[in-house]
């Protein structure tokens, strides 16, 4: 079971000040006048030292002032009642008015049975307050403790901008007591499984340092266009189009990880499309460079799946809300085109990313670092700030596929690569890219 709320708060901040709680909307027996409810609450208060299942206040985490919402699981299983909902809504409103991020430290079994549907409705009220915070350009980080189940996970937890989980935590919409017996201990309801499915960004064993780092990275800064990463591979021009293609496909060419390591002082990942999809060939996250935060989405040389496009869309929309500039690194032979990709919505996922980039109010800057294969590459590209490395190419389609479409023999592929004018120098002359990155 999770640590107590007060103990966790003490780990995270030294200057926590609890908010005065709003007036209780109902008496000790609650809105349903539930027999024995007042005694249960009194015993919970005696056991925990708090009068509700959530402790809300303000403190500094690392170097970032924030509003903290810490659930006390020992108070009626961390369940949300009307009094809890009022406290959480007040905390979000305080954060919005004072321009502070919110950290939700979630440990709950869900909504409170003794308050009926009025308890359930708190999820709507809390979500509305969280949406108002989001519309103000302020971040919300959820930390899932053990357990994090029920409607609170499916609203306050899963709806956060960044979702972190403590290693070993039980996480799921269905709490253990309401699952079928054969599913009671299924590994799907674990932090590791939720991370594997892309519903959790990171699983942590050391929360304080990592949470402080996330809050630093999520600070919006003046959204000027970012610097172009330096080229890490071959610097000489390709001799012809086919040479450009072969060099971009070379196994030894520097990939996205090398570029991200070289560019950022530190970076943390954003994982998954929040619909059960993960594409490890699309690296997304937020990094720190020269004291400024930059959001990034980087292809790693594989065919991008619908989950990859949707994760990149999520990243771009988050950066736009927080005022973070975006860097995209393009390296893909194209979008995944197999039946699984079609069933997963390849077309809609690509369209979603095109729209996210087009709608972004923050500057998006692109560097093509390898293969630029058709629409699967273009979807990740800025509309007005695109550069390319000397050992990369960009094409309307791969030369081999162009030969197939034009009913040309394989022997014609090298000649077609030249006619497609896909070399960096050709692309600069055509106005497709603004320049070629240097060392």
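Computed from the coordinates by the stated procedures, all read-outs in this text should not be read as laboratory data. Source: prediction; values computed, not measured. Heads up, the Cβs are rebuilt from the backbone with ideal geometry, glycines too, and the neighbour counts pull from every protein chain shown.
Structure notes:
- Shape parameters for the chain, alpha-carbon atoms, Rg then Dmax in Å: 25.0, 84
- Based on C-alpha pairs under 8 angstrom that are at least 6 apart in sequence, the stretch 265-338 has a relative contact order of 32 percent.
- The chain: relative contact order as a whole-number percent, Cα under 8 Å and 6+ apart: 11
- Length-normalised contact order of the stretch 105-235 in % [C-alpha pairs under 8 Å, at least 6 apart]: 20
- Summarising the label geometry, the points placed 7 Å from Cα in the beta-carbon direction at residue 419 and residue 240 lie 1.4 nm from one another.
- Inter-probe distance in nm under a simple model that places probes 7 Å from Cα toward Cβ, at residue 51 and residue 355: 4.7
- Between the beta carbons of residue 262 and residue 135, assuming R0 = 51 Å, the FRET efficiency works out to 0.90 to the nearest 0.05.
- Annotation: the residues 56, 381, sorted from fewest to most other C-beta atoms within 10 Å of their own C-beta, follow the order 381, 56.
- Extension gain, residue 396 to residue 249: 0.36 nm times the residue separation minus the Cα-Cα distance gives 51.3 nm.
- Order of 50, 60, 304 - criterion: other Cβ atoms within 10 Å of each residue's Cβ, fewest first: 60, 50, 304
- For the stretch 241-436, average projected area of the Cα convex hull in nm²: 10.9
- The chain: calculated mean residue ellipticity at 222 nm from DSSP helix runs of at least 4, using -39500 (n - 2.57): -10000 deg cm²/dmol
- Each of the peptides 66-78, 96-108 was scored by the mean count of other Cβ atoms within 10 Å over its residues; in descending order, highest first, they stand as 66-78, 96-108.
- Each Cα pair of the stretch 5-217 feeds into the Kirkwood radius, which the Stokes-Einstein equation turns, at 20 °C and 1.002 mPa s, into a diffusion coefficient of 125 µm²/s.
- FRET efficiency for residue 128 and residue 185, using Cβ-Cβ distance with R0 set to 30 Å, rounded to 0.05: 0.25
- Degrees between helix 346-359 axis and first principal axis of the chain (Cα, 0 to 90, nearest 10): 80
- Crossing angle, helix 122-135 versus the chain [Cα axis fit, 0-90 degrees, rounded to tens]: 40
- The modelled label-to-label distance between residue 93 and residue 210, using points 7 Å beyond Cα along the C-beta direction, is 3.4 nm.
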